[in-house]
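Notes for the one structure printed next.
Values quoted throughout were computed directly from the atomic coordinates according to the rules given, and no laboratory measurement underlies them. Because the structure is predicted, anything quoted here is derived from the model rather than measured. Neighbour counts run over all protein chains shown; Cβ positions are idealised from the backbone, glycine included.
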């Protein structure tokens, strides 16, 4: 019986992880967490009977504790609660499905406790990859990518020699506004933005897909996950979302991972690596598919990708500024406080004013995040 804990069990990745648990029957969920969705948490507690549930919001934690007082599940709250969940003695894998930089400290805690990480939290490597990857090596834990693109690269590298890789090709759907120009984006609505053509995801990542920030974050993450420099990572738009990513080798050969757009596949692959299990669902029918097409990403219209690459090239604390500015900008957009194109302006201005820290430690990263938030709030 494989024993896991899930950071962010009520979100898109978290709930699909629990789908995988239900389908297989040999995974025990010992810990779950969420921000404040106690209705969903109570359902999950009663179905999976975890030992521990961590709730970020303290008031929500108290409410949940009262609702599930007839169970044996312990309720904890705040960052201390997340850290306790991350280091639970009996778990083997921590699924980091939490959104935002909130996931960094629990991930570090889990690594120190010897847990493998099923990583769905981009921000952890984007802002602290220079800390996380050496630490994972030091403690002998695996970082198993759950993001579909990174999982595709991970699968394509299986059995290959890292030194023979020439280039990583990260695919993008292009998002809901593919083919539009900047003038077309002046008055797009929140509802327009949340209509992703292929994937069902949480709101934040869906907005990031529309701005191409998500693809920029994936490039930044791939740099750390696979030890590749930015000049050997390429983004290509593949609108059908059939090829999830590819690896080109020195001899010109390319290995790709294909499949239907279903996040349960990379989740299940991470949980059972290096083995594969049956997964119910649609299969690719190439005769019906007809064709797979490719395009260059439009980096003049969708500035999220070039700005991410710029932040990654500058390094130091700049990726933290990029990520923090985007997080707050997207939050404001979801609350209808700013327009779609304001997201780019907020990120660009935050990066322009920042004085970079060359080798930030965890305390520096968290301080830069907070300082970036304060600067944005004072102006927007």
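Some points to look at:
- By the Kirkwood approach, averaging reciprocal distances over each pair of separate Cα atoms, the chain gets a hydrodynamic radius of 21.2 Å.
- Separation between Cα centres of segment 117-168 and segment 285-340, rounded to whole Å: 20
- For the chain, share of DSSP beta bridges that run antiparallel, in % to the nearest 5: 30
- Spacing of the two label points (7 Å from each Cα toward its C-beta) at residue 138 and residue 288, in nm: 5.1
- Segment 57-202: C-alpha pair distances exceeding 25 Å, %: 48
- Computing FRET efficiency as 1/(1 + (r/R0)^6) for residue 90 and residue 229, where r is the C-beta to C-beta distance and R0 is 45 Å, gives about 0.70.
- Annotation: extensible slack from residue 23 through residue 43 equals 5.4 nm (criterion: 0.36 nm per residue apart, minus Cα-Cα distance).
- Inter-centroid distance (Cα atoms) of segment 178-254 relative to segment 17-88, Å: 32
- Among 243, 104, 292, the largest mean-square fluctuation in a Gaussian network model of the chain (Cα springs under 10 Å) belongs to 292.
- Under 16 Å from the residue 192 label point (7 Å along Cα→beta-carbon), backbone N, segment 288-302: 301-302
- Sorted ascending by nearby beta carbons within 10 Å, beginning with the fewest, 125, 265 become 265, 125.
- Look at 206, 301, 17 and count the other Cβ atoms within 10 Å of each Cβ; fewest to most, that gives 301, 206, 17.
- Applying 1/(1 + (r/R0)^6) with R0 = 35 Å to the Cβ-Cβ distance of residue 57 and residue 367 gives a FRET efficiency near 0.90.
- Förster radius 30 Å - calculated FRET efficiency between residue 112 and residue 359, Cβ distance, rounded to 0.05: 0.90
- With contacts taken as Cα pairs under 8 Å and at least 6 residues apart, the chain reaches a relative contact order of 14 percent.
- Top of 289, 144, 18 by mean-square fluctuation, Gaussian network on the chain, Cα under 10 Å: 289
- Available extension along the chain between residue 161 and residue 374 is 72.2 nm, counting 0.36 nm per residue and deducting the alpha carbon span.
- Estimated purely from DSSP H runs of n ≥ 4, each contributing -39500 (n - 2.57), the mean residue ellipticity at 222 nm for the chain is -14000 deg cm²/dmol once divided by its residues.
- Per-residue Cβ neighbour rank within 10 angstrom, fewest leading, 286, 302: 286, 302
- Tail beyond 18 Å, pair distance distribution of segment 222-343 (Cα, percent): 70
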